[in-house]
Amino acid sequence: MIGSKEELVLWLMQQPEGKTYELKEHKEKRSLNANAYFWVLVGKIAKATHSTNQTIHNALLRDYGQIDIQDGVAQWVVLPESYKLTESDYLLATPNKVKMQSKKGEVQGIVYIRLRGSHTYNTEEMSRLIDGTVMEAKELGIETLTPFQLEEMKQKWGSQ
């Protein structure tokens, strides 16, 4: 149920005893148009830099994306120092190396913070990703929507 705190309290008071409910703040989902525009720019940046869409996508998520937080805790993993990130890795490296104990003895590892996929972003989060992507595209001389068009699109996303 989505509603004001008063509506939610009234609804909860009418529910049977012994049940547990989860409450979280409602955030508007981002528009599919936002995601489509993001992927258009990803493709143009990839072409201009002779890269792949996936490589550019992941780089933009690392620069402008959202950390995967569950139950108030950032999700992370420690990988061996020898691990090479691939195009399919949604990870953000932190600069700290740590010691890991393996069955073969102690080895060096790197802590990586997990990022959320852009498909999970709300309007505000997607707006930040689009703004960063537009800035990157402009630096490469790629034509983007005008500031007016971007602002109009953001208002349609409900971020204003």
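A short reminder: the numbers here are calculations on the coordinates, not readings from a lab. These figures come from a predicted structure and were not determined experimentally. So basically every Cβ, Gly included, is an ideal-geometry build from the backbone, and we count neighbours across all protein chains shown.
The table below gives the values:
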{"quantity": "Relative contact order of the chain, pairs being alpha-carbon contacts under 8 Å that are 6 or more residues apart, as %", "calculated": "27 percent"}
{"quantity": "Label-zone membership for region 102-128, site Leu145, 7 angstrom Cα→C-beta point, backbone N under 16 Å", "calculated": "122-128"}
{"quantity": "Net +/- balance of residues flanking Met100 in space, Cβ distance below 12 Å, scoring K and R +1, D and E -1", "calculated": "+2"}
{"quantity": "Selected from Leu85, Leu61, Leu150 as most flexible by GNM, with the chain as the system and alpha-carbon contacts under 10 Å", "calculated": "Leu85"}
{"quantity": "Which of His119, His50, His57 has the fewest Cβ neighbours within 10 Å, and the rest in rising order", "calculated": "His50, His119, His57"}
{"quantity": "Size descriptor, Kirkwood hydrodynamic radius, that averages inverse alpha-carbon separations across the chain, Å", "calculated": "18.7 Å"}
{"quantity": "Order of Lys97, Lys154 under a 10 Å beta carbon neighbour criterion, fewest first", "calculated": "Lys97, Lys154"}
{"quantity": "Highest-fluctuation residue, Lys104, Lys138, Lys19 considered, GNM on the chain with Cα pairs under 10 Å", "calculated": "Lys19"}
{"quantity": "Dipole magnitude of the chain about its Cα centre (Cβ charges: Lys, Arg +1; Asp, Glu -1), debye to nearest 20", "calculated": "560 debye"}
